Amino acid sequence: MKQKIIIQQEKIDMAQAYEFLQAQTGDDNNGALVVFSGVMRGRNEHGAIKKITMEHYDKMTETTIAEIIAAAQEKFLINKTIVLHRVGDILPHDTIVVVGVAATHRYDAFRAAEMVMDYLKSDAPFWKKEIMVDDNNDGDELWVAQKPTDQVARKKWQ
Amino acid sequence: MMIQVRYFSWVREKLQKDRETLELPANASRLQDVLATLDQRGGDYALLKKNNGMLRYALNYRLAKPSDQIKNGDEVAIFPPVTGG
């Protein structure tokens with residue numbers, strides 16, 4: 001199986017994900033490409049967000065994502081996987097993460113993409129801080145807490 | 001035994017450092033001994049014990065438990081639950 005994992009400061013180019021998945025290689029007989037993108041929301045429960053900063057543990061990130069892809073590959077018949085993830089400063093409506101899967105059939109592509117995303121949310125070493133634009137709290141900073149539902153989502157694949 | 005410790009997210013901010021080299025007592029053998037050595041320093045390091053139910057650990061770039069064995073030259077990381085994506 002072919003895979004690509006890129007952690008980047010620059011904006012994500014969705015075309016890069018599609019080009020990687022669409023290029024047929026070897027015995028691939030892809031009939032389904034699923035691409036999920038996670039986008040930065042412009043507000044949280046406290047108000048409007050100016051930006052987020054995404055920190056990561058560089059030496060751990062790629063190996064963790066590679067293990068996640070391997071786990072999805074054990075469960076589903078997939079031929080190619082791509083994960084793109086931003087770090088550093090990210091602005092509202094920017095794409096934060098892309099998970100793309102190519103498979104022979106759509107069932108495997110949909111399910112594998114969801115599984116990779118669920119594992120990424122609960123295992124990959126990224127931490128997100130929101131910087132607010134509220135009039136009373138300009139520049140207020142808040143580390144985002146993991147949602148209990150993220151762990152529930154991961155457990156459903158075990 | 002000497003090990004490297006890395007801190008991330010609000011743990012890094014509260015300790016005001018992202019890494020340090022730590023010399024452990026001769027009888028240290030597990031990740032929990034790293035935590036105990038840091039706790040003995042007091043001050044801001046008290047947050048490690050105070051939040052131990054929610055903090056996560058990695059040993060040589062893989063998620064780890066306090067009971068995991070450590071050795072000279074290892075890298076231990078301490079951080080809150082991850083929030084990527």
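Exactly one residue out of A:27, A:58 is touching a strand residue (DSSP E or B) at 6+ places or on another chain (Cβ under 8 Å) and either free of Cβ contacts under 8 Å to residues at least 60 places away in the same chain or under 27 Å from residue B:13 (Cβ atoms) (or both): that is A:58. Criterion applied to B:35, B:22, B:48 was being away from every other protein chain (no Cβ under 14 Å), closer than 21 Å to residue A:129 by Cβ and either among the hydrophobic types (A, V, I, L, M, F, W, C) or in contact with a strand residue (DSSP E or B) (Cβ under 9 Å, 6 or more places away or on another chain) (or both), and the one residue passing it is B:48.
Per-residue answers, yes or no, for (1) at pLDDT 95 or above; (2) at the interface with chain B (Cβ under 10 Å from one of its Cβ atoms); (3) crowded, with 21+ Cβ neighbours inside 10 Å:
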residue	(1), (2), (3)
A:59	yes, yes, no
A:63	yes, yes, no
A:73	yes, no, no
A:77	yes, no, no
A:82	yes, no, yes
A:85	yes, yes, yes
A:93	yes, no, no
A:96	yes, yes, yes
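Being in a helix (DSSP H, G or I), over 18 Å from residue B:80 (Cβ atoms) and either away from chain B (no Cβ under 12 Å) or not polar (S, T, N, Q) (or both) is the requirement here; does residue A:102 meet it? No; evaluated as a whole, the condition is false for this residue. Scanning region B:29-43 for residues that are closer than 14 Å to residue B:4 by Cβ and either polar (S, T, N, Q) or out of contact with any Leu (no Cβ under 7 Å at 6 or more places or on another chain) (or both) turns up just one, B:37.
Would region A:104-119 turn up any residue that is on the phi < 0 side of the Ramachandran plot, surrounded by fewer than 16 Cβ atoms within 10 Å (Cβ to Cβ) and hydrophobic (A, V, I, L, M, F, W, C)? No: zero hits. Looking across region B:60-82, the residues that are at the interface with another protein chain (Cβ under 10 Å from one of its Cβ atoms), touching a residue at least 12 places away in the same chain (Cβ under 8 Å) and closer than 15 Å to residue A:58 by Cα come down to B:60, B:61, B:75, B:77, B:79, B:82.
Tell me whether region A:108-121 contains one or more residues that are within 30 Å of residue B:51 (Cβ to Cβ), more than 14 Å from the chain's Cα centre (by Cα) and at pLDDT 95 or above. No, because not a single residue in region A:108-121 is within 30 Å of residue B:51 (Cβ to Cβ), more than 14 Å from the chain's Cα centre (by Cα) and at pLDDT 95 or above. Of the residues contained in region B:36-56, one or more are found to be in a strand (DSSP E or B) and within 11 Å of the chain's Cα centre (by Cα).
The values are calculated or read from the model by the stated rules, or taken from the named source; none is laboratory data. Source: prediction; values computed, not measured. Neighbour counts run over all protein chains shown; Cβ positions are idealised from the backbone, glycine included.
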